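The structure appears right after this line, and notes come after that.
The values are calculated or read from the model by the stated rules, or taken from the named source; none is laboratory data. Small disclaimer: the values here were computed from a predicted structure and weren't measured. Every residue, glycine as well, gets a Cβ built from its backbone with ideal geometry; the counts of neighbours run over all protein chains shown.
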Ligand SMILES: Cc1cc2nc3c(=O)[nH]c(=O)nc-3n(C[C@H](O)[C@H](O)[C@H](O)COP(=O)(O)OP(=O)(O)OC[C@H]3O[C@@H](n4cnc5c(N)ncnc54)[C@H](O)[C@@H]3O)c2cc1C
C-alpha cells in the first residue's frame, strides 16, 4: 500500500520519498515524506492522502515536533520546508503575508531591512511560521503585543479533504466571517494544514533597555512585577526566572525612543530595587524555555506568581520562567520519574492551567499532558467536523484528538 | 411545544414580568441599529442568570424553535434582528460587574454590562476597558464580544478579541461551559468572539483591563484636500508611529458636524485629521512633535493642539457626533463599513468621489484612517422615489471598491443579515463551508441566530450526540470512541 500511495503522491508532488526512522514523530516513523513546493501541490497531496486514508502530520523545522502526544499513526509526513516564500510585504501598510514553511528568523531579516518586525519572540531558533502558529508559541513580547493569534490577520489552510480554505484577509481590521486563524492557532496540526499566514507588523523600536533585579523571595518578586505592571511605564515585557529554592529574578523590557527608554528604565529600576541593573542586551535566560527534559506551559493570573513558585517545591530542581506580567509561564524539569512530574503537575494545577509540552517517554506515558479542559466536548465536535476520518495528526492533541 | 407553551414555561421559571408576549411591547424589539430590517419577535424573555438562559435554550432546542440573543440592540448589521417564529433572549437585566481585579488587570462582567460602565468602574484603580465603540454609552459587552467590536482607539490597542480572556457560554445544547485562552485546547474563544451570536450565548466575560496612559495628546489638523490628509496618515504610520487613534472627516461630514454641534473646525477645510497619541510622556512628546511636522509637511494649514481635557473633548466632539449629525444635512442616510489597506486610501477616496459625482448621490466620509476602516455615509431623501435604491447601489459599489483593493466588507459592524449576501464576494464557497464547520460543531440544529453571517446554511450531516449506532469509523477501529 505504501508503494501505491508513493506513486500516487509522486504524480502530484515533486518531492516525495520514503520516510526514515530518524524522522519519526515521537518514535512513530512516517511511511512517506512529501514536500510540496506550492499551495496547489500541498492541496493535491492532501487530496491523495484523503483518498488513500493516510494519516498526515505536518512538519516545519522540527523545533516543536516533539510537543504533545505521539501520533497513533503517521503515514505521511508533510514537510513545509519548500513553502518558504514571502508572498507580499506591504511595508507601508505594516502587513506581511508569507508561506507557512518560512522560518521566523528569515522573516525577521526581511522585515528588519524596512525597520519593521513581527512582534513575536523566537524561543527556538529556526522555527517556522506554521509550526509557531500550530503550537501557539510565544515569548516575552506577548505582554504588550499579544500572542501569535492576536498578530495573525489572515490564514490559508488545506483541509483534510484537500480543499483550500481561507479566512481573514490582509487588512488589520476585519470582522467578516469566523476567525479560523485563531482556531488553527494552537491546534497542533489536527484541524488542517496551515499553508499561508498574514500578520500585522510593528515598527522596530529605536531603543531598548532590559532591567533586571533579584528578589529574595517570590512575594517580593510579585510586588516588583505588580509595581511595574501597575505603573504607566508601558513595559513591553515583564519576565521572571525562578528556581524552586533560590531567589527570583525579575526582568523588564522597555522599548521606545532613546530619551524615553532611558528615563523609563531608570523608573523601572527604582521599582525593582537598589540592585537592579540596566543593560542593552537581554539576560542570558530571556525568552528561553527553562532547561530540563520536561517542559510545562502554565497559565495563571499574574498575582498567582508566589503560589506558582511555591508549587515548584513539589519537584526540587524545577525552574519557572516566563511572562509574569501576563501570567503565561513555563516550568522546566529534568526527571525520568513519572511520580515526580505528576506531583509537580498536581501542584501547578492547583494554581492554574498546566499543559505538558514535552517530557521523556516514560513520563509522557504516565501523566495527563493537559489536565482538565472545560469545553472538551465542543473541541471533539470541532475535530469531527474538520477531520471526520481523524487522519490529521491523530492522537497528538488533548483528549486523544 | 409552540411559542405559547414556551411562554408559559418561561413565565413559570423566570417570572411573568420577564416574558413578553404583548404585541405592542414586542415591537420595541423589532430591530437593532439597522432599522430598515424589522421583524416582530415571537416572544421575548429577559433572563437574569446563566441557568435561566440555559433553560430557555434547552427548551427552544427541544421544541425546534430558533432564538436570538440581544444586548442593547445597537448593532448596525441586523445581528440581533429577531425571528417572528422564535425567541429573543435579552441580556439587559444581567448588568452586574462581578469583579474588578486591578492586581491581575482583569474584570469579570455579566453580558449586559454597558461598555462605558466598566471603564467608569475601573478608572478609580487606574484602568479602563480599551475597546471603545462610539456607541460605548449604550452597547453591551456581550454585544461587543459577539461583534468583536472596535473603536477609534483600536489602532493601537486592538479589538474586543484582544481583550477577552474567557467567556462562560451557554452552548446551543443548553449546557453551560467556559472557553478561555491558554487552557491547552482549541482556541474556541477566538472563534466565538466575532461570531455574531451564532455559536451560543455568553453569560459571563473575563476581560483584560488596560492601564490608563501617563499622557494623552490630541491634535486636529486641517487640510485643503482629502488626498493631503490621506498622505499625512501614510507619512505618520510610515514613520513608525503607532498613534492611539487617527480619524479623518471630509468636507461634507465637517459641514454636518458643524451644523449639529458647532464644533468650530477650521474654515475651508477639505479634510480634518484627528491624531491622538498616548503613553509615557517622553515618547508621546517626541512623537507628537513628529506628527505635527509630518502634517505640516503634507500641507496642513492649521493645527490645533488640545491643551487640556476640555479642548480634547471639543476636538473629538465633531467626530463623535458625525453619524448623527449627518441627519442635519440629509433626511436619510446609510452607514457603510468597509476596510481597505491604508495605503489605498487616496485612490479609493478618489473613486468614491467619482461614484458620487456620477450618480448624484452625496457621500460623507468619516473614517478610522489609521487602519483603513471607512465609514462612508450615503445620503438620500427617503421621500424621493428610487432614492433609497440608488443610495443602496452606491453603498454596494463602495464595498466593491474595498474588495477590489484587497480589503474587507466589514471592519467592525459585522455581517449580520445586512451583508450575508456580500460574503461570497470576499470568500469562496469552500471558505464559507469551512467556517460553517465551526457552526455545525457548536449548533448542528441551526437554531442559534439562524440566517446571519452566511448566505446559505450548511447541512451539518449527523448531529453529534444523538448518534444511535457506532460511527462507521469507530466500528472499523479507525477512530476513538468518547
Ligand atoms: C451610533 C453608533 C455607533 C457605533 N459605533 C461603533 C464603533 O465605533 N465600533 C463598533 O465596532 N461598533 C459600533 N457600533 C455598532 C454596535 O454598537 C456594536 O456592534 C456593539 O458591540 C453592539 O452591542 P449591543 O449590546 O448593542 O449588541 P446587539 O445589537 O444587541 O447585538 C449584536 C449582536 O450580538 C449578539 N449578542 C448580543 N448579546 C450576546 C450575548 N450575550 N451572547 C452572544 N451573542 C450576543 C446578537 O445576537 C447580535 O448578533 C455603533 C452603533 C451605533 C448605533
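So the values come out like this:
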item: Selection count, segment B:153-173, where residues are within 11 Å of the ligand (Cβ to nearest atom), within 12 Å of chain A (Cβ to nearest Cβ) and either modelled with pLDDT under 95 or farther than 30 Å from residue A:373 by Cα (or both); result: 1
item: Meets criteria (within 11 Å of chain A (Cβ to nearest Cβ), over 30 Å from residue A:189 (Cα atoms), near the ligand (Cβ under 10 Å from one of its atoms) and touching a strand residue (DSSP E or B) at 6+ places or on another chain (Cβ under 8 Å)) for residue B:150; result: yes
item: Residue identified as in a helix (DSSP H, G or I) and more than 8 Å from every other protein chain (Cβ to nearest Cβ) among A:344, A:320; result: A:344
item: Residue B:228 being modelled with pLDDT under 95, more than 14 Å from chain A (Cβ to nearest Cβ), crowded, with 24+ Cβ neighbours inside 10 Å and part of a helix (DSSP H, G or I); result: no
item: Test: residue B:181 is in contact (Cβ under 8 Å) with a residue 24 or more places away in the chain, within 22 Å of residue A:323 (Cβ to Cβ), more than 7 Å from chain A (Cβ to nearest Cβ) and more than 14 Å from the ligand (Cβ to nearest atom); result: no
item: In segment B:118-143, the residues that are within 12 Å of the ligand (Cβ to nearest atom), touching a strand residue (DSSP E or B) at 6+ places or on another chain (Cβ under 7 Å) and assigned to a helix (DSSP H, G or I); result: B:141, B:142
item: Per-region count, segment A:372-386, residues more than 7 Å from every other protein chain (Cβ to nearest Cβ) and either surrounded by 23 or more Cβ atoms within 10 Å (Cβ to Cβ) or part of a helix (DSSP H, G or I) (or both); result: 2
item: Selected residue (only one of A:274, A:258 is more than 14 Å from every other protein chain (Cβ to nearest Cβ), without any contact (Cβ under 8 Å) to a residue 60 or more places away in the chain, over 23 Å from the mean Cα position of the chain (by Cα) and surrounded by fewer than 16 Cβ atoms within 10 Å (Cβ to Cβ)); result: A:274
item: Positions within segment A:225-248 being within 14 Å of another protein chain (Cβ to nearest Cβ) and either within 18 Å of residue B:128 (Cβ to Cβ) or in contact (Cβ under 8 Å) with a residue 60 or more places away in the chain (or both), in sequence order; result: A:225, A:226, A:228, A:229, A:230, A:231, A:232, A:233, A:234, A:235, A:236, A:238
item: Contacts under 9 angstrom Cβ, first residue in segment B:389-414 being within 10 Å of another protein chain (Cβ to nearest Cβ), partner in a helix (DSSP H, G or I) and within 16 Å of the ligand (Cβ to nearest atom), 6 or more apart; result: B:409/B:423; B:411/B:371; B:412/B:147; B:412/B:154; B:413/B:147; B:414/B:146; B:414/B:147
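For (1) closer than 18 Å to residue A:201 by Cβ; (2) in contact with a strand residue (DSSP E or B) (Cβ under 8 Å, 6 or more places away or on another chain), each residue gets a yes or a no:
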position	(1), (2)
A:102	yes, yes
A:108	yes, yes
A:115	yes, yes
A:119	yes, yes
A:123	no, no
A:126	no, yes
A:129	yes, yes
A:133	yes, yes
A:138	yes, yes
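Yes or no, residue by residue, for (1) out of contact with any helix residue (DSSP H, G or I) (no Cβ under 9 Å at 6 or more places or on another chain); (2) over 17 Å from residue B:202 (Cα atoms); (3) outside the structural domain of residue B:412 (by TED's automatic domain parsing):
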{"residue": "B:23", "(1), (2), (3)": "yes, yes, yes"}
{"residue": "B:36", "(1), (2), (3)": "no, yes, yes"}
{"residue": "B:41", "(1), (2), (3)": "no, yes, yes"}
{"residue": "B:44", "(1), (2), (3)": "no, yes, yes"}
{"residue": "B:48", "(1), (2), (3)": "no, no, yes"}
{"residue": "B:54", "(1), (2), (3)": "yes, no, yes"}
{"residue": "B:59", "(1), (2), (3)": "no, yes, yes"}
{"residue": "B:71", "(1), (2), (3)": "no, no, yes"}
{"residue": "B:85", "(1), (2), (3)": "no, yes, yes"}
